[in-house]
Amino acid sequence: MTKSLKYFAVLLGVLLLASCSEKPLDPQSQIFDSIVEKNEFDFWLEENYIAPYNIDLKYRMERNESDRNYYLVPAEYSKSIKMAKLMLYLCLEPYDIITGSKEFIRSYYPKMLHLIGSPAYRNNNTIVLGTAEGGLKITMYMVNSLRLDPEYLNQYYFKTMHHEFGHILNQTKPYSTDFDMISGSKYVTDSWNSVYKNDSQAQKDGFISPYAASQPGEDFVELLSIYVTNPASYWDNVIKNAGADGAAKINAKFDIVYNYMMNSWNIDLDELRDIIQERQGKIGELDLDNL
């Protein structure tokens, strides 16, 4: 064996021994132990989400649960506490009240809620406020921008939560296909934000919002979510401003939404709206900081 070959053999042996030896991770390693010491908020979540609803609310941003197509930042700890309390008060508990127990939410609500601090920006200059994945998970964005104003809360969070839950209910029990025929070929898929610049313009064409014009499934849950998160006066103004043709389409579609929720789930959307509106008026009375 030549000198150079002997040197290579020795070097290879050293490398093999080094690769097989047990060593602690470098403190600067980006691979972390998955076990996290629980804090007061974790115990509160166990008591208020996991035990009654079997819902795992994740506020620490986890790579495997996050959409890597967007640049995202974690939710702040204090904002996560506020959001968890508001989600309970304005979304989960109203269904408990109207159905008479926690079983409806426990049975049908996604088993994971994931909070993200930042928005997720689409390529068409719009932002993603929330996503639902196969009835198993809802991701809520923009938590770090939380403000305790009912209109703001609905626009950026709670309309989205009711919207995504509506998708899950539809996946469990489909709605009548008659709904799809009312606006027929008027749906514009991903062009909704360029075709319709505001709610009023969309409503005149029979869509409750610009996003409702993207496809029938979105139209259905936009009607549901906007109805329950706004007072009756808001709906009356929509119908008035939509004009005869737009109002006729919106009313025809909403009749199907209303009857679907009543016949499929025994939920009266008028009663659900009343509960949510009453609670929205009491946000200022909540202690959102202390666990």
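For the stretch 183-217, enumerate the residues that are among the hydrophobic types (A, V, I, L, M, F, W, C) and outside any helix (DSSP H, G or I). Steps first, please.
Of the stretch 183-217, the ones among the hydrophobic types (A, V, I, L, M, F, W, C) are 188, 192, 195, 202, 207-208, 212-213.
Passing the criteria: Val188, Phe207, Ile208.
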Failed criterion for Ile239 (all others in (1) farther than 24 Å from Ile97 by Cα; (2) under 25 Å from the mean Cα position of the chain (by Cα); (3) hydrophobic (A, V, I, L, M, F, W, C) hold): (2)
Which of the residues belonging to the stretch 215-228 are closer than 11 Å to Tyr187 by Cα and open to solvent by 10 Å² or more (accessible area, probe 1.4 Å)? Gln215, Pro216, Gly217, Glu218
Would you mind stating whether Ile267 is of a type in the set (A, V, I, L, M), modelled with pLDDT of 95 or more, within 19 Å of His167 (Cβ to Cβ) and outside any helix (DSSP H, G or I)? yes
Pick from the stretch 249-291, criterion of a type in the set (Lys, Arg) and under 21 Å from Leu169 (Cβ atoms), ranking: least open to solvent (accessible area, probe 1.4 Å): Lys253
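The values are calculated or read from the model by the stated rules, or taken from the named source; none is laboratory data. Since we're looking at a predicted model, the values are computed, not measured. Reconstructed Cβ throughout: ideal geometry from the backbone, glycine too, with neighbour counts over all protein chains shown. Each accessible area value is taken on the protein alone, full model and side chains, heavy atoms only, with ligands, DNA and RNA left out. Shrake-Rupley method; radii C 1.70, N 1.55, O 1.52, S 1.80 Å.
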